[in-house]
Amino acid sequence: MLFAPGSFMECLQEWEDLEKDYQQIQETHRLYKQKLEEVSKLQNSCSTSISRQRKKLKELSQSLQECRQQGESETLAAIEGIQESMKERPEVFFEMEAFLPKKNGLYLNLVLGNVNVTLLNKQAKFAYKDEYEKFKLCLTVLLLIFSFTCRFVLSYRAVDALFNFLLVWYYCTLTIRESILISNGSKIKGWWVFQHYVSTFLSGVMLTWPEGELYQMFRSQFLSYSLYINFVQFLQYYYQSGCLYRLRALGERHTMDLTVEGFQSWMWRGLGFLLPFLFLGHFFQLYNAVTLFNMMQLPEWKEWQVLMCSATFLVLFMGNFFTTLGVVYQKYMHQDKAKDV
């Protein structure tokens with residue numbers, strides 16, 4: 001309940017209390033700014049020291065390689081010991097830099113400008129990662145319902161455009177959020193990041209495809225594909241989140257690792273469950289590319305979107321299929337070596 005003074009003396013006493021509190025606030029804020037300046041100096045010092053260490057380690061590695069070629073047998077053991085210790089440094093530096101401000105990549109600079117997106121404590125990092133996962137799950141469910149509605153309930157170009165606009169916004173948002181997560185220590189990289197840029201482009205092309213005979217020919221197939229892909233992403237989320245939870249509990253995965261739209265080596269358990277769904281989705285992309293290519297042979301073909309969508313689906317198929325095959329092959333070879341040992 002708010003203070004309601006009933007006399008001047010009470011008002012005066014309240015004012016004196018507020019004055020004391022105000023002085024304390026000013027002192028606390030002054031101390032806060034001082035600590036911020038100290039933190040900023042420490043951050044710059046750490047970043048500079050890490051850069052210096054990396055440069056010197058690179059030079060030392062080259063020198064040790066020369067010594068190894070010319071050295072005697074008694075020095076080889078010492079050289080190998082140093083080189084083994086040096087191999088651990090990049091991972092340690094990566095962990096350190098996850099808590100240090102860094103320059104944004106080209107994409108974040110274009111979208112956000114030169115804004116520091118590094119979260120400086122584990123709680124904030126994990127909260128942002130958790131919010132990203134919830135966002136992805138909610139939008140996957142929404143897109144699943146939306147694609148089902150467009151496919152079987154409503155057949156209006158305006159509704160299709162709204163669905164494609166939602167896809168563009170979703171994939172754009174994912175690329176931004178993933179870039180921020182990578183800046184904060186998440187190790188998702190390679191094709192699984194790039195495919196979201198490709199999907200953004202594909203959704204944008206579908207959004208601009210005008211109403212016509214060819215659009216109506218491909219509409220049902222595209223919506224069926226979207227329905228299936230969102231269903232697979234829904235399965236992936238629950239499967240991968242379960243895998244990550246177990247592996248983090250065992251200390252085998254980084255706390256900032258994410259569920260991704262693809263197959264990763266840490267998902268090897270339960271391989272027979274998820275891989276068939278993934279490969280069927282990959283071949284659905286190839287089927288879309290072939291269908292659109294055949295549509296280009298028709299005399300009615302005029303829209304440039306047919307060519308662009310065909311090429312983009314082919315890129316998605318090749319990237320997803322060969323990346324998944326590579327991960328499976330790498331994990332299979334790793335298991336074979338472990339058995340031999």
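The values are calculated or read from the model by the stated rules, or taken from the named source; none is laboratory data. Nothing here was measured: the structure is a model prediction, and the numbers come from that model. Positions of Cβ are generated from backbone atoms using ideal geometry, with glycine treated the same way; all protein chains shown enter the neighbour counts. In case anyone asks, the SASA skips ligands and DNA or RNA and just uses the protein heavy atoms, side chains included. Shrake-Rupley method; radii C 1.70, N 1.55, O 1.52, S 1.80 Å.
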_Tell me the residue from 104, 121 that is over 12 Å from the mean Cα position of the chain (by Cα), open to solvent by 50 Å² or more (accessible area, probe 1.4 Å) and over 24 Å from residue 237 (Cβ atoms), please._
121
*Take the residues of segment 191-224 that are over 23 Å from the mean Cα position of the chain (by Cα) and farther than 19 Å from residue 302 by Cβ: which is surrounded by the most Cβ atoms within 10 Å (Cβ to Cβ)?*
223
*For segment 306-315, name all the residues that are touching a residue at least 60 places away in the same chain (Cβ under 8 Å) and surrounded by fewer than 20 Cβ atoms within 10 Å (Cβ to Cβ).*
308, 315
_Single residue of 181, 166 found to be closer than 29 Å to residue 90 by Cβ and part of a helix (DSSP H, G or I)_ = 181
*Out of 27, 95, 14, which single residue is open to solvent by 70 Å² or more (accessible area, probe 1.4 Å) and part of a helix (DSSP H, G or I)?*
27
